[in-house]
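The values are calculated or read from the model by the stated rules, or taken from the named source; none is laboratory data. A quick note: this is a predicted structure, and the numbers were derived from the prediction, not measured. Here the Cβ positions follow ideal geometry from the backbone for every residue, glycine too, while neighbour counts run over all protein chains shown. Surface accessibility is based on the protein's heavy atoms, side chains included, excluding ligands, DNA and RNA. Shrake-Rupley method; radii C 1.70, N 1.55, O 1.52, S 1.80 Å.
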Amino acid sequence: MQVFFGGERRRPPAPPPIAAREDWMSVGEGGRVTWLGHSTLLIEVDGARVLTDPIWSERASPSSLVGPVRFHPPVVPLSALPKLDAVVISHDHYDHLDMDTVQALAKTGVRFFVPLGVADHLKAWGVPRAQLVEFDWWSEARVTPDVSLVATPSRHYSGRTTGTRNTTLWASWVVRSARHRVFFSGDSGPTPQFEEIGRRFGPFDLVALEIGAFHPAWGDIHLGPDNALEAHRMLGGGLLLPIHWSTFNLAAHPWDEPIEHLVRLGDQRGVSIVTPMLGAPLVLGEVARTGPWWRSASAPGVPTQARSSNSAGAAR
């Protein structure tokens, strides 16, 4: 009832701002991460380019007519992306595995790195078997001679229909080279295995953790801001990049509550949180200048700070 009939500010009254960027085709030296909305990241590490959970469709849904619709247009056309070395999929839910986007990317010849069972979806959509690499948890494979991918545990579930619940695996991912390490959570609830991931593959330059679509009823399958901070601690720290918010309405809370809640708590605890505008690259190892850009999309005349103090997302 809350999800379907709640009266919260589920959508921003204006599209969130997008950073202007002209050098999509340039080769970044060292490490660079660009958030493209929801859980889609372009991770550039030591010459390798990895795209996570790409969704360019208007809706995160099996239908083009109903289901969660985007708050903003795609940050960059698919055709303008640089040549990719890998596409990583965390699990098969519609907001993470988008058929139209996968089919478009498959035409470029890129390889897809997916959890066990997810390759069956892609094969059914016409993706050649030679472009598919399946992983169990803790499996590792080279993307380039200098960069590898590791599928790591997460706590979630899978299924694109009611009859296929948990017939495929879900995973978080580590992108690592001799110089850089990036953690991508996909979707996950809290799990003690974050500590083992941190021990085995940390320290991380950047930890990208989902914070949106949170609710007490979903506490085992989504982190939300509070558990994201705990997961960040368990993973061993590093810059925290909040993802899985600002693109789709998927839960019973105001669209900006996850980020406001996280920023407030992170400030209290001294956690280094980076909040780049959509499309703005973060260069690993450099000081990131970010700010509360989402407030420019807040309701006119109702600044985020003016929300009731009873709201978990009330700003400082």
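Let me know the Kirkwood hydrodynamic radius for region 169-211, please, with Cα pairs as the basis and the value in Å to one decimal. Intermediate values should be presented prior to the final figure.
Details: mean 1/r = 0.0925 Å⁻¹.
The answer is 10.8 Å.
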* To do: Rounded to the nearest 0.05, what FRET efficiency do residue 139 and residue 24 give with R0 = 25 Å and r taken as the Cβ-Cβ distance? Could you check?
  => 0.25
* Asked: Per residue, how much accessible area does region 28-91 show when a 1.4 Å probe rolls over the protein heavy atoms, in square angstrom?
  -> 30
* Structure fact -> With 0.36 nm assigned to each residue of separation and the Cα-Cα distance removed, residue 218 to residue 296 gains 25.2 nm
* To do: Might you report the magnitude of the Cβ-based charge dipole of region 1-111 about its Cα centre, with Lys and Arg at +1 and Asp and Glu at -1, to the nearest 20 debye?
  => 280
* Summarise the long-distance tail of P(r) for region 246-293 by giving the % of C-alpha pairs beyond 14 Å. => 59
* Asked: Once Lys and Arg get +1 and Asp and Glu get -1 on their Cβ, which of 159, 76, 130 lies farthest toward the positive end of the dipole of the chain?
  -> 76
* Structure fact -> What helix-only [θ] at 222 nm does the chain give? Using -39500 (n - 2.57) per DSSP H run of at least 4, over all residues, to the nearest 500, the answer is -4500 deg cm²/dmol
* Asked: Considering only 201, 65, 276, whose Cα is most displaced toward the positive end of the charge dipole of the chain, charges sitting on Cβ of Lys, Arg (+1) and Asp, Glu (-1)?
  -> 65
* **Label point distance in nm, residue 83-residue 162, each placed 7 Å from Cα along Cα→Cβ** => 4.8
* To do: Quick one: go through region 205-234 and flag any residue whose amide nitrogen is under 12 Å from the point 7 Å out along the Cα-to-Cβ line of residue 268.
  => 226
* To do: Taking the Cα centre of the chain as origin, work out the dipole magnitude from +1 charges on Lys and Arg Cβ and -1 charges on Asp and Glu Cβ, in debye rounded to 20.
  => 260
* To do: Compute log10 of I(q)/I(0) for the chain with the Debye formula, placing one identical point scatterer on every Cα and leaving out solvent, at q = 0.07, 0.10, 0.13, 0.15 Å⁻¹, to two decimals.
  => -0.24, -0.51, -0.91, -1.27
* Asked: In region 188-246, if every C-alpha pair distance is counted and binned at 10 Å from zero, what percent goes to each bin?
  -> 26, 56, 18, 1
* Asked: So what is the relative contact order for the chain, in percent, with contacts set as C-alpha pairs under 8 Å and at least six apart?
  -> 20
* Asked: Roughly how many debye, to the nearest 20, is the charge dipole of region 181-284 about its Cα centre, given +1 on each Lys and Arg Cβ, -1 on each Asp and Glu Cβ, and no other charges?
  -> 340
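Starting from the Kirkwood radius over alpha-carbon pairs of region 158-290, derive D by Stokes-Einstein at 20 °C in a medium of 1.002 mPa s and give it in µm² s⁻¹.
138
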* On average, how much accessible surface per residue is there in region 118-241, in Å², for a 1.4 Å probe, leaving out ligands, DNA and RNA? -> 41
* Whole number please: convex hull volume per residue of the Cα set in region 20-110, in Å³? -> 93
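Can you send over the carbon and sulfur percentage of the accessible area for the chain, probe radius 1.4 Å, protein chains only?
53
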* Can you send over the solvent-accessible area of residue 83, 1.4 Å probe, protein chains only, in Å² to the nearest 10? => 150
